[in-house]
Structures are given as structure tokens and as C-alpha cells.
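Working notes for the structure below.
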Amino acid sequence: MVMIAVSMITVSITFYGYQLVRTPNFQVDKKDAYLYIPQGANFKTVLDSLKARDLVQNTVSFAFLSKLLKYQDNVKPGRYLIKQNMTNLEAVRMLRAGLQSPVRLTFNSVRLKQDLVEKVSKELPFQAGEFGKLLNDPQVVKKYGFDTTTIVSMFLPNTYQVYWNISPKQLLDRMHKEYKKFWNDQRLAKAKNIGLKPKEVSVLASIVQAETNKNDEKPRIAGVYINRLQKEIPLEADPTLVFAMKDFTIKRVLNRHKKVESPYNTYKYKGLPPGPINVPSIASLDAVLNYEQHDYLFFCAKADFSGYHAFAKTNAQHNRNARLYHRALNMRRIK
């Protein structure tokens, strides 16, 4: 009888041990999901999150194995992928080792610094205003070689994999690393050949980007502005006026807009404005570095509304192109 009892106990322990370790306990017959563990969280926080999101079936068995494997005292913050039918052992090992699932951080179509702050803050658990405060701190941005006006140039539109619990400072470090990687010796040589610094390339690229979304046309438009810079002719770039007025509903730049007092008024002031008017894409940056060499000094939208532009070498040619476009606008009653 004693042997039978011992055998039964052994079988029970073995069975429970198997259930404890090998039986699916997370997202059972459900889709994969994410568990978010904030900075400073303890094991109770983890349990509360698992229960609140209904990610685990049996919290007792998970807690017991976590105790055995010393996870309860080694909670690591982050974003973790809880896979369908995950076992306690798989979950504990992943959480204890801090094997996070990276966040895919993407930002494009960014016009203002605040737009950048909002896009990033939606994906990462930064405290309100914390990231923006860094971008507006002259001493912080100076460490990366920028000022508070040009700092947005450091953010190259792309998709980056970052950990969910990355700090704002760590994100700045990461973006600076990506920026330095982009500005390799080849691109630096091209910028130098044009007579522009990388930050100035970003400013010009932002204007080119605001002028067209046609990547195949960007090198030609960049060539127009570089010709004007080299001849010391004001850029007369309409998008800089729109940026200066902070009224992005403006569709047609009129003479009254050209009177606005702003360093971004490229009708009034020669050279580049003090900072970018958006966060230029890599395609726009490369369009400036690989600009088309020609004699054009003017361009305006084509009257066929194709999104492309008509280019001119003289003011007279440009005025003819502009009249055709304005006539087409008036026919459409666009004000």
C-alpha cells in the first residue's frame, strides 16, 4: 500500500510538474498579443496586467514557476510578445531574460517639430512633453550638432526598430547614430562639392519636398534652387511663405503673402531659411545631393494638373508658363 501511495504521489507531482511547465497557459486558442511592462514595475504589476488583458489562464501556476525560476525578483520593463498557446516556461524564460519585441517606429510626412513629437509619443510611453522638452533645449540639441530650429533634420524618415521602454535621451542617441550613418563619406563629399553643409542640404531638401511629391522631378527642382543660390538670386520658394505664416490651408501664394516679415520669407531674403520647413525624406535629400545640372531658374505647376512642373530659363518664359497655369486655376475657380 505504501508503494502504491508513493507511486500515486509521484505520478501526481510529475503530472502537475508537466502541466506547470509544458501545458499552454497564455493566449490559449487566441491570437498573439503584447504585454507591456512599464519602468519600475514589480511582479504584482505583471500579474495585474496579465489578468486585466486576459492573457493568462492560470495565474497560480505562472506565479509558482516564476518563483522557482527567480523571475519574481527580476522583472524587466518592455514590450513582450505573448504567443498563442505559450507555456509558463516559455513565458517566464522570455520575461526573465528581457527578450522584448521591438516597436517599429515610423515617421514621415512630418511638417512641424510638434508633429514629430506627437508621432513618436504615440508609439512610445514618453511622459507628455518630455520628448518635446529635449528638442527645445538648446544645450541638449547642441550636443548633437544642431540648434532648436534645425534639430528635426536629425530625424530621417524611415522605419526603425526600437525597444518600447527606450528613454527620450536614448532615442535621440539612436537617431543621431542613424543620421551619422546616412551622412557617409560619399554624401559628405557631394554636399561639399555643392557648397552646402549637411544641415543646409536638409533645409533645401525640405523645400524641394514641399514643392513636389514626384521623386523623379525632385533633382530638377533642386537644380533650380542651387542655380539661384549660386547666382545669389532669392529662392522665392512659395512653400517657405506658407511655413512662415503657419497657415497650411493656403493653396495659392499671393502678393500679400510675400510681404510677411519672417526669416523664412525667401522672397525678401536671399539664401536658405534658418531651418527646414518639414522633415525631408531620404529621396529629397538625395535629390539635392544628386541635383540635375541645367540652366533653369524658374518653374511653376503645369496647367494640366499632372503634379509636374514647367521649367524656364528666363523670366519671360516663366511668366508665360505661369499665365497658362493661372488661367487653368481660374477655370477651375480655385482661389
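The values are calculated or read from the model by the stated rules, or taken from the named source; none is laboratory data. Model, not experiment: these values are computed from the prediction. Cβ: placed from backbone, ideal geometry, glycine included. Neighbour counts: every protein chain shown. Only protein heavy atoms, including side chains, enter the accessible area calculation; ligands, DNA and RNA are left aside. Shrake-Rupley method; radii C 1.70, N 1.55, O 1.52, S 1.80 Å.
How far is it, in nm, from the label point at ASP32 to the one at ASP185 when both lie 7 Å from their Cα along the line to the Cβ?
Taking the two extended label points, one gets 4.0 nm.
What is the set of long-range amide H partners of ASN165 at a cut-off below 5 Å, with H atoms built 1.01 Å from backbone N?
Counting only residues 5 or more places away or on other chains, the set is ARG79.
Using a 1.4 angstrom probe and counting only protein chains, how large is the accessible area of THR106 in Å², to 10?
The accessible area of THR106 comes to roughly 60 Å².
Just going by the charge dipole of the chain, with Lys and Arg at +1 and Asp and Glu at -1 on Cβ, which of ASN255, SER284, LEU69 is farthest out on the positive end?
ASN255
If each residue of separation counts as 0.36 nm, what is the full-extension length gain between LYS231 and LYS70 once their alpha-carbon separation is subtracted? Write down the numbers at each step before the final one.
Values: separation 161, 0.36 × 161 = 57.96 nm, distance 7.04 nm.
Net length gain for the segment: 50.9 nm.
When the Karplus curve 6.51 cos²θ - 1.76 cosθ + 1.60 is applied with θ = phi - 60°, which whole-Hz ³J(HN,Hα) does each residue of segment 179-186 get, with x for Gly and Pro?
For segment 179-186, the Karplus curve yields 5, 5, 5, 5, 7, 6, 4, 5 Hz.
If you add up the charges near THR266, with Lys and Arg at +1 and Asp and Glu at -1, over every other residue whose beta carbon is less than 15 angstrom from its beta carbon, what do you get? Show your work: numbers first, answer last.
Values: positive: ARG228, LYS231, LYS258, LYS259, LYS268, LYS270; negative: GLU200, GLU211, GLU232, GLU236, ASP238, GLU261.
Around THR266, the surrounding residues sum to 0.
Give me the log10 of I(q) over I(0) for segment 125-259 at q = 0.17, 0.18 Å⁻¹, as the Debye formula computes it from C-alpha points; what are the numbers?
For segment 125-259 at q = 0.17, 0.18 Å⁻¹, log10 I(q)/I(0) is -1.13, -1.20.
What is the spin-label model distance, in nm, from ASN158 to LYS44 if the labels are put 7 Å beyond Cα along the C-beta direction?
The modelled label-to-label distance comes out at 4.4 nm.
Evaluate 2.2 N^0.38 Å with N set to the residue count of segment 230-335, then give the Cα radius of gyration divided by it. All intermediate terms of the calculation are to be shown ahead of the outcome.
Values: Rg = 14.7 Å, N = 106, 2.2 N^0.38 = 12.9 Å.
Dividing the Cα Rg of segment 230-335 by 2.2 N^0.38 Å gives 1.13.
Determine which aspartates and glutamates satisfy two conditions relative to LYS259: a Cα distance under 18 Å, and not lying fewer than 8 residues away in the same chain.
GLU236, ASP238, ASP247
Would you mind counting up the charge near GLU123? Only other residues with Cβ under 13 Å from its Cβ, with Lys and Arg at +1 and Asp and Glu at -1.
Around GLU123, the surrounding residues sum to +3.
Considering the options PRO24, ASN136, TYR34, tell which one lies farthest towards the positive end of the dipole of the chain, charges being +1 on Lys and Arg and -1 on Asp and Glu at the Cβ, about the Cα centre.
ASN136
Take every Cα pair under 8 Å in segment 213-335 that's 6+ residues apart, average their separations, divide by the length, and report that relative contact order as a whole percent.
On the way: 157 pairs, mean separation 35.1, N = 123.
Taking the mean separation of contacting Cα pairs over the length of segment 213-335, I get 29 percent.
Contact order normalised by length for segment 24-64, with contacts defined as Cα pairs under 8 Å and 6 or more residues apart; what percent is it? Walk me through the numbers on the way to the answer.
On the way: 23 pairs, mean separation 21.0, N = 41.
Computed over segment 24-64, the figure is 51 percent.
Setting aside same-chain residues fewer than 8 positions from LYS70, which lysines have a Cα under 30 Å from its Cα?
Correct list for LYS70: LYS30, LYS31, LYS44, LYS51, LYS83.
Quick check for you: with a 1.4 Å probe and neighbouring chains kept, what is the accessible area per residue of the chain, in Å²? It would help to have the intermediate numbers written out before the result.
Details: 18830 Å² over 335 residues.
That works out to 56 Å² for each residue.
In µm²/s, what is D for the chain at 37 °C and 0.692 mPa s, where D = kT/(6 pi eta Rh) by Stokes-Einstein and Rh is the Kirkwood radius from Cα pairs?
On the way: Rh = 24.1 Å.
Here the translational diffusion coefficient equals 136 µm²/s.
Pairs of alpha-carbon atoms within less than 8 angstrom and 6+ residues apart define the contacts here; what relative contact order does the chain have, in percent? Spell out each step's value before the answer.
Details: 483 pairs, mean separation 47.6, N = 335.
RCO, the chain: 14 percent.
Quick one: longest stretch of the chain between exposed loop GluC sites (Glu not before Pro), exposed meaning at most 11 other C-beta atoms within 10 Å and loop per DSSP?
Values: sites that count: GLU232, GLU261.
Between exposed loop sites, the widest span is 1-231.
Roughly speaking, to the nearest percent, how much of the chain's 1.4 Å accessible area is carbon and sulfur?
The C+S portion of the solvent-accessible surface of the chain is 51 percent.
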